[in-house]
Amino acid sequence: MIRSSDDIIIGTVARVMIPFIQLFALYVIMHGHHSPGGGFQGGVILGASLVLLLITHGIDETKRLVSEKGIAIFGSAGLLIYSGIGLICLILLGNYLDYSRLYILLHVVPAKARSLGILGIETGVGFTVMAVMYSIFLDISTGGELPEDEEE
Amino acid sequence: MSEFLIVIGMALGVLVLLVLYRVVFGPGVYNRIAAISAIGTKTLIMLLIMGFVFRRVDMFVDISMVYALLNFIGCLAVAKYLEMER
């Protein structure tokens, strides 16, 4: 069981750094087509920020901020965004994940619709990767034992 | 200019080999952690030098920032593990 760190330097540095890490992760997701990165990489950086929180502030504090049930819903929402966009393209008489058909809904030229569709896909992938990474780390660090407050 | 940067990168590579000795034979685990952290820092500088050589610094700055971040978190995680072992 990971407890909260006694060291004031580690706690303060982590508390200052985590918002900037998450901002950088959003930048990586948004600029995935200009610079290296994309949905998976941005999601990994978001998950790394949560792992940093878990290492420095202990499991109890992290579970109070980011609950296990909430992160499961978040990961499922990312999957729903991905498959939903693909299904909308299918309904609009295109292939699965054929973003250029989205121009009917978005009222833009097909090339712009393609760019926006890819951005939506990347957002869903980022959500899911972050949630699954955090969930796996939480399961490993608790050693498979269920705490009592989750039973009720 | 490019040759100068490549020579600096090769010198950093040789320095990584020197620090690798401390990782393999170093007495105690804390020396090893410090040496791995130093290798990560040198790798970061080599990534930036590669960015200057390829004239794509804007891309390699992103990669090196992620590398520094993961190096920091990994170092912290190993330290936490050792604290729990005690």
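The values are calculated or read from the model by the stated rules, or taken from the named source; none is laboratory data. Just so it is clear, the model here is predicted, and its values are computed rather than measured. No Cβ is skipped: glycine too gets one built from the backbone with ideal geometry, and neighbour counts run over all protein chains shown.
Confirm whether B:D58 is surrounded by 17 or more Cβ atoms within 10 Å (Cβ to Cβ) and either away from chain A (no Cβ under 14 Å) or at pLDDT below 90 (or both). No; evaluated as a whole, the condition is false for this residue.
Could you please find all residues in region A:29-49 being crowded, with 21+ Cβ neighbours inside 10 Å, at pLDDT below 90 and within 7 Å of chain B (Cβ to nearest Cβ)? Answer for region A:29-49, where residues must be crowded, with 21+ Cβ neighbours inside 10 Å, at pLDDT below 90 and within 7 Å of chain B (Cβ to nearest Cβ): just A:G37.
Can you tell me how many residues within region A:87-127 are of a type in the set (V, I, T) and more than 25 Å from A:V44 (Cβ to Cβ)? Spell out how you get there, then give the answer.
Residues of region A:87-127 of a type in the set (V, I, T): A:88, A:91, A:104, A:108-109, A:118, A:121, A:123, A:125.
Restricting the remaining residues to those that are more than 25 Å from A:V44 (Cβ to Cβ) gives A:88, A:91, A:104, A:108-109.
Summing the residues that are of a type in the set (V, I, T) and more than 25 Å from A:V44 (Cβ to Cβ) in region A:87-127 gives 5.
Within the span defined as region A:78-100, one or more residues are closer than 15 Å to A:M133 by Cα and at pLDDT 85 or above.
Checked against (1) under 22 Å from A:I29 (Cα atoms); (2) β-branched (V, I, T); (3) exposed (fewer than 14 other Cβ atoms within 10 Å of the Cβ), B:I63 passes all but condition (3). Take B:Y67 and tell me if it is free of Cβ contacts under 8 Å to residues at least 12 places away in the same chain, within 14 Å of chain A (Cβ to nearest Cβ), within 23 Å of A:I10 (Cβ to Cβ) and of a type in the set (F, W, Y). No, not satisfied.
Collect the residues in region A:3-13 that are within 8 Å of another protein chain (Cβ to nearest Cβ) and under 21 Å from A:I45 (Cα atoms), keeping them in residue-number order.
Within region A:3-13, the subset within 8 Å of another protein chain (Cβ to nearest Cβ) is A:5, A:10.
A:I10 - this is the single residue of region A:3-13 that is within 8 Å of another protein chain (Cβ to nearest Cβ) and under 21 Å from A:I45 (Cα atoms).
Here A:F20 clears all of (1) surrounded by fewer than 14 Cβ atoms within 10 Å (Cβ to Cβ); (2) within 17 Å of A:T128 (Cα to Cα) except the condition numbered (2).
Looking only at residues of region A:50-60 that are out of contact with any Leu (no Cβ under 8 Å at 6 or more places or on another chain) and either surrounded by fewer than 17 Cβ atoms within 10 Å (Cβ to Cβ) or more than 12 Å from A:F137 (Cα to Cα) (or both), we find that the one that is farthest from the other protein chains (Cβ to nearest Cβ) is A:D60.
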